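Have a look at the structure below before the remarks.
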Amino acid sequence: MRRFEGQRVIVTGGANGIGKATVARFATEGATIVLTDVDGAAAEATARQIAAETGATVHPFAADVSVRADDLATVQFALAKMGGVDVLVNNAGIYYEDHFEDITEARWDRIMNVDLKGTFMMTQAVIPHFKQRRSGVIVNMASTNGLAGEIYYAHYNAAKGGVVLLTKTLALELGPYGIRVNCVCPGYILTESTAAMDSDEFVNDYIQNKIPLRRTGKPEEVAAVIAFLASDDASFVHGDAILIDGGQLAD
Ligand SMILES: NC(=O)c1ccc[n+]([C@@H]2O[C@H](COP(=O)([O-])OP(=O)(O)OC[C@H]3O[C@@H](n4cnc5c(N)ncnc54)[C@H](O)[C@@H]3O)[C@@H](O)[C@H]2O)c1
């Protein structure tokens, strides 16, 4: 399937994990991509790797989604390099585990600024272009943590809950302009970041007690749903929050 032949895509936080798998998925389906990441060296390395593996054009761009000037610069860079943008994937995000009383203002602010405000500002940056063309697709990265609470993740849960309702509100405001907006809600996806955070014992216990499919998810399984939502296969899917969680929240 090459559903994105000739299409131009921005993926934020694309150097690692789910973002990297998403860039690879769009690349194999024919898109040209701007891959942004706060880690500029990693963005360059991943862009080079995916371009070599797929033959797609992948432009790396160092940018912090929590900085408005970087978001505006990302869209300007994308317009200059690709001549337009068809799809924005607001993937960049961070997560910390903290007991509620121990959450510092700095950690609360960082999660809010990257996960929620970054999504808000990147979207604002691309909207004038989408409105002018009366088309465009946005896929936001929420989480199961945006739909149900998880102990010791108050800051992250609040940010991702915000992403879900930001998505639904944007769907109401932007739908009349032909701009589709959805979000994905992954459960436990094994990436280098989650592997570094959790012990094998924790992961096994989580799988046994919380995930009916009895395994963690793969970044590629999230990328596949992001690509579906960005494609014409999802042309009437709008304002939705799609779970990719092995049944975790079915309970
Ligand atoms: N892994 C999971 O289990 C899981 C589950 C649900 C949702 N998510 C969400 O998926 C997204 C990706 O998570 P992941 O597990 O792949 O993480 P990851 O740490 O593997 O990758 C995140 C990437 O984003 C980049 N990044 C971090 N802060 C940034 C910023 N301010 N600006 C630009 N780039 C930045 C990092 O450098 C990194 O390359 C996040 O929004 C996360 O909350 C992950």
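For Val87, the conditions (1) open to solvent by 60 Å² or more (accessible area, probe 1.4 Å); (2) closer than 26 Å to Ser235 by Cα; (3) away from the ligand (no atom under 11 Å from the Cβ) are fulfilled apart from (1). The residue that is nearest to the ligand (Cβ to nearest atom), among those in the range 90-116 that are open to solvent by less than 60 Å² (accessible area, probe 1.4 Å) and not aliphatic (A, V, I, L, M), is Gly93. Checked against the criterion of being among the aliphatic types (A, V, I, L, M) and in contact with a strand residue (DSSP E or B) (Cβ under 9 Å, 6 or more places away or on another chain), the candidates Leu116, Leu88, Leu72 yield just one match: Leu88. Summed over the range 156-165, the residues that are under 21 Å from Phe130 (Cα atoms) and open to solvent by 40 Å² or more (accessible area, probe 1.4 Å) give a count of 1. Of the residues that sit in the range 1-19 and are in contact with a Leu (Cβ under 6 Å, 6 or more places away or on another chain) and under 15 Å from Thr54 (Cβ atoms), which one is nearest to the ligand (Cβ to nearest atom)? Top of the filtered list is Gly14.
Can we say Gly149 is touching a helix residue (DSSP H, G or I) at 6+ places or on another chain (Cβ under 9 Å), modelled with pLDDT of 95 or more, open to solvent by 70 Å² or more (accessible area, probe 1.4 Å) and not in a helix (DSSP H, G or I)? Judged against the criteria, Gly149 is a match.
Residue count for the range 204-218 satisfying the condition of being touching a helix residue (DSSP H, G or I) at 6+ places or on another chain (Cβ under 8 Å) and open to solvent by 20 Å² or more (accessible area, probe 1.4 Å): 6. Within the range 1-19, the set of residues being surrounded by 24 or more Cβ atoms within 10 Å (Cβ to Cβ) and basic (Lys, Arg) is empty.
Which is at pLDDT 95 or above, in a helix (DSSP H, G or I) and either touching a Leu at 6+ places or on another chain (Cβ under 9 Å) or not acidic (Asp, Glu) (or both), of Ala56, Ala24? Answer to the check: Ala24. So for the range 20-43 (the condition being open to solvent by 20 Å² or more (accessible area, probe 1.4 Å), within 13 Å of the ligand (Cβ to nearest atom) and closer than 24 Å to Arg3 by Cα), does at least one residue qualify? Yes, there is a match, as at least one residue in the range 20-43 is open to solvent by 20 Å² or more (accessible area, probe 1.4 Å), within 13 Å of the ligand (Cβ to nearest atom) and closer than 24 Å to Arg3 by Cα. Against the numbered list (1) in contact (Cβ under 8 Å) with a residue 40 or more places away in the chain; (2) within 14 Å of the chain's Cα centre (by Cα), Leu35 comes up short only at (1). One residue stands out in the range 173-209 among those that are of a type in the set (D, E, K, R) and more than 16 Å from the ligand (Cβ to nearest atom): the one that is nearest to Gly19 (Cα to Cα), namely Arg180.
When the range 199-231 is filtered for residues that are touching an Asp or Glu at 6+ places or on another chain (Cβ under 9 Å) and either basic (Lys, Arg) or under 10 Å from Arg25 (Cβ atoms) (or both), the ones remaining, listed by number, are Lys210, Ala227, Ala230. Reported count of residues in the range 122-135, each being touching a residue at least 12 places away in the same chain (Cβ under 8 Å), open to solvent by 10 Å² or more (accessible area, probe 1.4 Å) and outside any loop (DSSP other than H, G, I, E, B), is 6.
The values are calculated or read from the model by the stated rules, or taken from the named source; none is laboratory data. Small disclaimer: the values here were computed from a predicted structure and weren't measured. Positions of Cβ are backbone-derived with ideal geometry, glycine not excepted, and every protein chain shown enters the neighbour counts. For accessibility, only protein heavy atoms count, side chains too; no ligands or nucleic acids. Shrake-Rupley method; radii C 1.70, N 1.55, O 1.52, S 1.80 Å.
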